[in-house]
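Notes follow the structure.
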Amino acid sequence: LTPHAELEQRSGIVNDSMQRGETVRAMVTRLGSLATKEAAQEIERLLALPTLSKLKYSLENTRYQLKLKQRETAFRFPPVSNVARILAKGEPTSTSDLAALTVEHLDEIAHEIRHDNDDGVRAFWNIENKKPTGKREENLCRDSLLTRLRAHLTSFAIDCQPEGDYANDKRADIRLSYRNEFDLPIEIKRDDNRSLWTALRSQLIEQYTVSPKASGHGIYLVLWFGQNDLPAVTDGGKKPTSPEALQTRLEAQLNPEERKRIFVRVLDVS
């Protein structure tokens, strides 16, 4: 081939490659627009293929858009009977109601722990000779919190269980369930947990809130002990010095759509 002919041939190959790439991306976008269970499974299959690593961003974006479309399609205004039930008993009629109700009671529990005369913070510490010697392990802290949650939520017919089962044998620290119609995962971390900054997304969002009954909702709960031993931050800033500052930093990881369904609470047990 002459240099000119060779250049034209290579240009044609590049153009063909670009066209194929655009075609594949268009097919991926179309797959996401279907918003079906089968489409979601196919996207997960494609994401697992090493040969499609260059399309990872496109596939992940499509997966996100598909989930949004699924939630919009599944949304229904509650019937009058459900509205009457909310007004009469306060029982939740959707995962969104369950999340809002739980967050409200977690805030009440946070106030009780700090201000009631039962020394509620002691339940989160190892005590010797009436003095705290160190933080209790996360599962024991979880059990103490679970006891308080049950006292608050049982009257609403909400079941509170530890170690809730989710996809791929993953377990959230607490699973709240209303009459087995919908549920809400809660992931709990001590403030010194090495995955403090990553578990909000890698565990709660990616493993637990994907449950059909959770509909993208979940709560990330951090226990603040106030000993200045948080793991190194991942956003380049300084370590938070208060539970309020830590909550703000964690919430900053959420996009506007996620903030409608994912709630962060930092419980001060210092």
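The values are calculated or read from the model by the stated rules, or taken from the named source; none is laboratory data. None of the values given here were measured: they were computed from a predicted structure. Heads up, the Cβs are rebuilt from the backbone with ideal geometry, glycines too, and the neighbour counts pull from every protein chain shown. Each accessible area value is taken on the protein alone, full model and side chains, heavy atoms only, with ligands, DNA and RNA left out. Shrake-Rupley method; radii C 1.70, N 1.55, O 1.52, S 1.80 Å.
Structure above, values below:
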{"quantity": "Among (1) open to solvent by 20 Å² or more (accessible area, probe 1.4 Å); (2) in contact (Cβ under 8 Å) with a residue 60 or more places away in the chain; (3) within 16 Å of Leu267 (Cβ to Cβ) - the single one Phe156 does not satisfy", "calculated": "(3)"}
{"quantity": "Residues within segment 159-170 that are open to solvent by 30 Å² or more (accessible area, probe 1.4 Å) and either aromatic (Phe, Trp, Tyr) or modelled with pLDDT under 90 (or both), tallied", "calculated": "6"}
{"quantity": "Scan of segment 50-72 for residues that are open to solvent by 60 Å² or more (accessible area, probe 1.4 Å) and of a type in the set (A, V, I, L, M, F, W, C), ordered by number", "calculated": "none"}
{"quantity": "Condition check for Leu184: in contact with a strand residue (DSSP E or B) (Cβ under 8 Å, 6 or more places away or on another chain), within 29 Å of Trp125 (Cα to Cα) and not acidic (Asp, Glu)", "calculated": "yes"}
{"quantity": "Unique match (being small (Gly, Ala, Ser) and farther than 15 Å from Ala99 by Cα) among Ser211, Ser202", "calculated": "Ser202"}
{"quantity": "Count - residues of segment 247-270 that are open to solvent by less than 80 Å² (accessible area, probe 1.4 Å) and assigned to a helix (DSSP H, G or I)", "calculated": "5"}
{"quantity": "Selected residue [at pLDDT 90 or above and buried (at least 17 other Cβ atoms within 10 Å of the Cβ)] from Asp143, Asp173", "calculated": "Asp173"}
{"quantity": "Search result, residues across segment 117-134 that are assigned to a strand (DSSP E or B) and not aliphatic (A, V, I, L, M)", "calculated": "Trp125, Asn126, Glu128, Lys131, Pro132, Thr133, Gly134"}
{"quantity": "The one condition in (1) closer than 27 Å to Arg114 by Cα; (2) modelled with pLDDT under 95; (3) of a type in the set (D, E, K, R); (4) assigned to a helix (DSSP H, G or I) that Glu244 fails to fulfil", "calculated": "(2)"}
{"quantity": "Verdict on Ser195 being touching a Gly at 6+ places or on another chain (Cβ under 9 Å) and either surrounded by fewer than 20 Cβ atoms within 10 Å (Cβ to Cβ) or farther than 18 Å from Thr95 by Cβ (or both)", "calculated": "no"}
